[in-house]
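Engineer: Dumping the structure here so I can ask a few things about it.
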């Protein structure tokens, strides 16, 4: 499994335009082959953390290179984010307790 951790801060003036695009990217990601899940968390200080899981490197790469996603990335860098950090990780081990 490939996990992307995307940490970001939105520019104050970007909020109104950002959320419709973020919703579209969520919708698009869910339809990609190999998509597993994604969640977004916002800290009290305004930092946003998005965690995205894809089944394998090939499906992750397809998402990273999707033309609409690429356009959204460029818009984000230019218009929405005051700062960001992207980490792409391969899961080496996983353990969990499933809900009963």
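Engineer: Once the Cα atoms of region 24-75 are picked out, what are the Rg and Dmax in Å?
Structural biologist: Rg then Dmax for region 24-75, in Å: 11.9, 35.
Engineer: Relative contact order for the chain: what is it in percent, counting Cα pairs under 8 Å that are at least 6 residues apart?
Structural biologist: On the way: 132 pairs, mean separation 47.4, N = 100.
The normalised contact order for the chain reaches 47 percent.
Engineer: Next up: Describe numerically, in nm with one decimal, the distance between label points set 7 Å from Cα along Cα→Cβ at residue 73 and at residue 41.
Structural biologist: Here the modelled spin labels are 2.4 nm apart.
Engineer: Right, here's the next one. Can you sort 10, 86, 28 from fewest to most other Cβ atoms within 10 Å of each residue's own Cβ?
Structural biologist: 86, 28, 10
Engineer: Give me the percent of Cα-Cα pairs in region 2-90 that sit more than 19 Å apart, rounded to a whole number.
Structural biologist: Details: 1407 of 3916 pairs.
The calculated P(r) of region 2-90 puts 36 percent of pairs beyond 19 Å.
Engineer: Over the alpha-carbon set of region 40-100, divide Rg by the Kirkwood Rh and report the Rg/Rh ratio to two decimals.
Structural biologist: 1.04
Any read-out appearing in this document is the output of simple, stated calculations on the displayed coordinates, not a laboratory observation. Worth saying up front: this structure is predicted, and the values here are computed from it rather than measured. For neighbour counting, all protein chains shown are included, and Cβ atoms are generated from backbone atoms with ideal geometry for every residue, glycine included.
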